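Since the structure comes first, as structure tokens, the remarks are kept for the end.
The values are calculated or read from the model by the stated rules, or taken from the named source; none is laboratory data. For clarity, every value in this text was computed on a predicted model and none was experimentally measured. Positions of Cβ are generated from backbone atoms using ideal geometry, with glycine treated the same way; all protein chains shown enter the neighbour counts.
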């Protein structure tokens, strides 16, 4: 048995962020990761010789700048590339809408579809800037009760923001701002990505806000690449952690927490080893943490019932490919073209997204899936051999359970459907795909431990965010077991490679750790 001040279960990005802050404060910290590499969903793997693939997470921008600065991540190899245009949306009629970082340039593109929408777009961007002014301070702090938070919104303008974010659907919001179906389609994907909801589902306006908090190179509401792949983020975090005295052990699967008299005292591994610590921070999701790792009977039936009620449904699969060349988009000719330097979204209408969602609710993979694809190798040649390219596709809707079949059997059919859909916009796609892989929600669940294959460790809809995350009454990173904390995306502020949950959990842990170290007051005689 070995003793530590704190053990972090899971070496995903949030676990590594938490470990960094704890180690920097002088705690003896051990990170245990079941896979051979750290990083969780933010990894890059050489899936085929010479091709470094973003196996799961695929875009950077959400990692909070405060964390980057605090941990001096550029010193440890953290580098990003802001791409422009941000989005290219091809349509079946051969037209394309490009959204550039520069608001005025994007508005000029939109004017081809609607002059009124072109005038509205700068105001729409400014609207989200105001929303982010309210959201960003909440991200790097434990959530206040929702009732207290709502008291901050007492003016008519802020009351409208509350209505928009928490009560409305993305379709409601976009219908209010824009008239063009193409413009609304180009802005809608961030409202449903990774979430088993359609654009008409109430609450998806908040999901849209969650994905608008990206900041890179001083620009807001943007995305980019991590140089070398998403693993560049977590490898930098791992190197920083080691510099802060943290020990990281891979290939170690935690079987259960050790609990005595309502408090954790360490962990037991699948190989029978025991590591002792008065503090355990779990980077696993809430269901795995409380229903899988906590010993039977250590939590109340009422609390376990709340945890079982967390919605954690898979909504997407990954289709990754090694390319011998680039697909040629009918709507944006050239190789490479602007499309290859951006995020390409195949989702030509809100009705298209809604139809795919309805099929998934019925247990079917979308007949015409929404596909978000990127070609990192165009801007970052380090991830592919010379003259070759990578393609990563995030594909919805893919339910966790398929009606009448299973994912292992269905993967070839899913791959053909993805390729068929891309071929409608880039006819040469099959000629340039040298290798491909399909990662289903079941694969994500099995490999990463994310229940249902949900990439956010639980839906980020309004009923499962802020003081409701992971369950009401336990949103401050502490748990019913003394010394056990949640530090992953199952806690506030939710999913995405933000690092915020790890940061916030570490601050709470350090507060408790320092309080426990204070000498008890000597009673007066």
* Asked: Looking at the range 350-393, which of its residues are in a helix (DSSP H, G or I) and more than 21 Å from residue 79 (Cβ to Cβ)?
  -> 350, 351, 352, 353, 354, 355, 356, 357, 358, 359, 360, 361
* **Residues satisfying the stated conditions in the range 133-151, i.e. touching a residue at least 24 places away in the same chain (Cβ under 8 Å) and touching a helix residue (DSSP H, G or I) at 6+ places or on another chain (Cβ under 8 Å)** => 134, 135, 138, 139, 140, 141, 142, 143, 144, 145, 146, 149
* How many residues are farther than 16 Å from residue 486 by Cα and buried (at least 24 other Cβ atoms within 10 Å of the Cβ) when one looks only at the range 1-31? -> 1
* Asked: Here is a list of conditions, (1) closer than 29 Å to residue 432 by Cα; (2) in contact (Cβ under 8 Å) with a residue 24 or more places away in the chain; (3) surrounded by fewer than 17 Cβ atoms within 10 Å (Cβ to Cβ), and residue 332 meets all of them except one; can you say which number that is?
  -> (3)
* Asked: So which strands (runs of 3 or more DSSP E) are wholly in the range 272-330 and hold at least 1 residues that are assigned by TED's automatic domain parsing to the domain that holds residue 91 and under 30 Å from residue 376 (Cα atoms)?
  -> 316-323
* So which of 461, 498, 447 is surrounded by fewer than 24 Cβ atoms within 10 Å (Cβ to Cβ), within 14 Å of the chain's Cα centre (by Cα) and either over 19 Å from residue 283 (Cβ atoms) or touching a residue at least 12 places away in the same chain (Cβ under 8 Å) (or both)? -> 461
* To do: Six or more apart or on different chains, Cβ under 6 Å: which pairs go from a residue in the range 55-78 that's in contact (Cβ under 8 Å) with a residue 12 or more places away in the chain and in the same structural domain as residue 18 (by TED's automatic domain parsing) to one that's outside any helix (DSSP H, G or I) and surrounded by 24 or more Cβ atoms within 10 Å (Cβ to Cβ)? Could you list them?
  => none
* **residue 323 vs. criteria within 21 Å of the chain's Cα centre (by Cα) and either crowded, with 16+ Cβ neighbours inside 10 Å or within 22 Å of residue 458 (Cβ to Cβ) (or both)** => no
* To do: Determine whether residue 35 is assigned to a loop (DSSP other than H, G, I, E, B), outside the structural domain of residue 324 (by TED's automatic domain parsing) and touching a strand residue (DSSP E or B) at 6+ places or on another chain (Cβ under 9 Å).
  => yes
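Can you name every residue in the range 204-238 that is part of a helix (DSSP H, G or I) and closer than 20 Å to residue 43 by Cα?
231, 232, 233, 234, 235, 236, 237, 238
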* Please indicate, with yes or no, whether at least one residue in the range 139-150 is at pLDDT 80 or above, touching a strand residue (DSSP E or B) at 6+ places or on another chain (Cβ under 7 Å) and surrounded by 14 or more Cβ atoms within 10 Å (Cβ to Cβ). => no
